[in-house]
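For reference, the structure is listed below as structure tokens.
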Amino acid sequence: MDFKDVINGRRSVNFFDPQRPVPDELLEEMIGLASLAPSSFNLQPWNLILVRDPERKRRLQKLAWDQPKISEAPVVLVVLADRSAWQSGHPVVERNFEEMVASGRLGRDQRQWFDDARMDLYGQSLEKQQAFANKNTGFFAMALMLAAKHLGLDTHPMDGFDHQAVRELFKVPERYWIPLLLAVGYFKAGETLLPPKWRKSVPEIVVDFESG
Ligand SMILES: Cc1cc2nc3c(=O)[nH]c(=O)nc-3n(C[C@H](O)[C@H](O)[C@H](O)COP(=O)(O)O)c2cc1C
């Protein structure tokens, strides 16, 4: 699919066909494509919980403004942002360092610089750790939605949910934030997709705080 078709075609769809499952291989391909999203220091602070079981989806729906798309979509992704994925000793940090050394991008003697840079950027406050985890995971989530569209799937991102209750339901460790839930499936035939919503214009997006 042409990129313009993907970006124009991606919509938050409210109606999923509950009878049309998403094959495991397709979901895997979608996640694999999204894993190519960029991240600071390539730290990839994202994980996913896949919710397919109808009973688990029903319980999740109750914690998410009772949005029916959670039960109707064949799979719902609980998107996780790892606030600790910058710390020394974290498996991804350590693997990343070894990969960078192996590929010649970093010398082993630059370990102190690598540690200091991450500490300086993310170690100073919980706010910075929250920002680190969520901004990078946001790029991943966008990539998931575009990859899904490319593969013929539809999605719906949701932050209308009780964060603490969802954390408890899925026993999500404290180091994670849950930036969003993502329903994935096929748009239900016979339903009407509302027209695309307005967007800010380019001049409204571009700002300049210096010129009076
Ligand atoms: C992080 C995030 C959270 C959202 N949460 C909800 C939600 O809980 N319920 C809902 O109906 N729509 C939710 N939306 C969908 C937005 O309303 C939708 O993306 C926006 O209106 C633009 O429409 P479009 O995605 O079809 O282009 C969310 C979107 C994002 C990106």
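The values are calculated or read from the model by the stated rules, or taken from the named source; none is laboratory data. These numbers come from a predicted model, not from an experiment. We place every Cβ from the backbone using ideal geometry, glycine too, and count neighbours over all the protein chains shown.
Could you grab me the full set of residues in segment 59-89 that are within 16 Å of the ligand (Cβ to nearest atom) and aromatic (Phe, Trp, Tyr)?
Within segment 59-89, just Trp65 meets the criteria.
When Ser103, Ser71, Ser84 are checked against the criterion of being touching a helix residue (DSSP H, G or I) at 6+ places or on another chain (Cβ under 6 Å) and modelled with pLDDT of 95 or more, a single residue qualifies: Ser71.
Taken over segment 127-162, the residue count meeting the criterion of being out of contact with any helix residue (DSSP H, G or I) (no Cβ under 8 Å at 6 or more places or on another chain), over 13 Å from Leu80 (Cα atoms), of a type outside the set (A, V, I, L, M, F, W, C) and assigned to a helix (DSSP H, G or I) is 1.
A single member of Leu36, Leu77 is under 18 Å from the mean Cα position of the chain (by Cα), part of a loop (DSSP other than H, G, I, E, B), modelled with pLDDT of 95 or more and not basic (Lys, Arg), and it is Leu36. Inclusion of Phe97 among residues that are in contact (Cβ under 8 Å) with a residue 24 or more places away in the chain and either out of contact with any strand residue (DSSP E or B) (no Cβ under 7 Å at 6 or more places or on another chain) or not in a helix (DSSP H, G or I) (or both) is not warranted.
Screening Leu144 with (1) crowded, with 19+ Cβ neighbours inside 10 Å; (2) out of contact with any Leu (no Cβ under 9 Å at 6 or more places or on another chain) gives one miss only, at (2). The single residue among Ala131, Ala189 that is out of contact with any strand residue (DSSP E or B) (no Cβ under 7 Å at 6 or more places or on another chain), of a type in the set (A, V, I, L, M), at pLDDT below 95 and over 19 Å from Leu33 (Cβ atoms) turns out to be Ala189.
Of the residues screened, Val92 is one that is closer than 30 Å to Lys57 by Cβ, in a helix (DSSP H, G or I) and more than 16 Å from the ligand (Cβ to nearest atom). The residues of segment 167-200 that are more than 12 Å from the ligand (Cβ to nearest atom), within 17 Å of the chain's Cα centre (by Cα) and outside any loop (DSSP other than H, G, I, E, B), listed by number, are Arg167, Tyr176, Trp177, Val184, Gly185.
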